[in-house]
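What follows is calculated from the coordinates using simple rules that are stated; it is not laboratory data. For clarity, every value in this text was computed on a predicted model and none was experimentally measured. Cβ placement follows ideal geometry from the backbone for every residue including glycine, while neighbour counts extend to all protein chains displayed.
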């Protein structure tokens, strides 16, 4: 099966409009493949900054890069050389004076916060950002949705010859992150400690963040737990979904919800191999919720706020999308072919007054449920979000 990433056209457009683009995403998500495919369409030069040989070429970055200023420079794992951003700024500015204003640099990175900070400070006004997430529900055929849910969206996992091979790939991915990639970024955290923490988050999928509880379970302090969570969020492996808030005086939950972003990694952490394993596990509903939330983040228009709503009185919505312009979609997520809104959803809608009330479920047919509620398959929900971007 060939996979056509929807993000390709967006990346081309950004390079046509900006001197530099940072393409962010976790390892093995397909950044390098996408960049090299793009590089084949125009004069380009690819450097992998994990390679000693390629880093050596940049011992004098201004000299080397100036010799290739007529090409798109693709710099992979750019966070490995944070001192490179200042010379890149000089390269861009000299090119502008020569009329070379767009499509100069494509920077690939797998650690977002440091890269955003370093590049933002040095390349302000010269760089655009784009995240490449694992495959979402709109990038696979409808018939393969359960396979995407089980195996997750990392291409090598999704395309593996069978579920066992997929699980082996994901276990290797987890081990490599813990034993090689994270130490290479600087944090000195025992691999087994971080694995336990990551697995705890998997067991608590979609639960409220509780640093004190996690700290007790790990035998560390809450500040250390917060640093572990920040690291996994920075590596784009975990998502913090923030709570909706207002000044209405209602008592609302203030802690974020935590999700292991890729459901395949979630299932590997929990030792779930087959779809039946997942369906028989208590995490099934929260796992499906995570898949829908990640798909929404991939597809929703720029400047959309994604949050959840939960009040002290029990009013709750899994996903609140505040669209550009202020319209609200209240989205309940159900892993059932006969989904039904709970009382808390109705109470939350009274508080939020959403423009749309939606239940996303794993079926194939859309239908109304009364009280203004629309029941939508995940693919149709995705299509409607995509339509807002047009």
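Counting 0.36 nm for each residue step from residue 242 to residue 60 and taking away their Cα separation leaves a gain of 61.2 nm.
Put a dot 7 Å past the Cα of residue 8, heading toward its Cβ, do the same for residue 336, and the two dots end up 4.1 nm apart. Taking the helices alone, the chain has a mean residue ellipticity at 222 nm of -12500 deg cm²/dmol, built from -39,500 (n - 2.57) per DSSP H run of at least 4 residues and averaged over all its residues. Each label point was placed 7 Å from the Cα along the Cα-to-Cβ direction; for residue 96 and residue 305 their separation is 3.3 nm. Estimated at 0.36 nm per residue, the fully extended path between residue 16 and residue 208 surpasses their Cα-Cα distance by 65.0 nm. As a proxy for reagent exposure, 46, 228, 346 were ordered by neighbouring Cβ count within 10 angstrom, fewest first; the result is 346, 46, 228. Counting other Cβ atoms within 10 Å as a rough exposure proxy, the listed residues 195, 240 run 240, 195 from fewest neighbours to most. Among 317-325, 74-82, 142-150, the peptide with the highest mean count of other Cβ atoms within 10 Å heads the list, and the full ranking is 74-82, 317-325, 142-150. Helix 343-352 versus the longest principal axis of the chain: what is the Cα-based angle in degrees, 0 to 90, to the nearest 10? Between the helix axis and the principal axis of the chain, the angle is about 60 degrees.
Listing 154, 367, 85 from fewest to most neighbouring C-beta atoms within 10 Å gives 367, 85, 154.
Seen against the Cα atoms of the chain and their longest principal axis, helix 378-389 is set at about 50 degrees.
Out of every Cα-Cα pair in the chain, what percent are more than 31 Å apart? Counting pairs separated by more than 31 Å, the tail of P(r) holds 41 percent. Taking the centroid of alpha carbons for each part, the range 188-262 and the range 1-38 are 29 Å apart. For the pair residue 53 and residue 389, label points projected 7 Å from Cα toward Cβ lie 3.7 nm apart.
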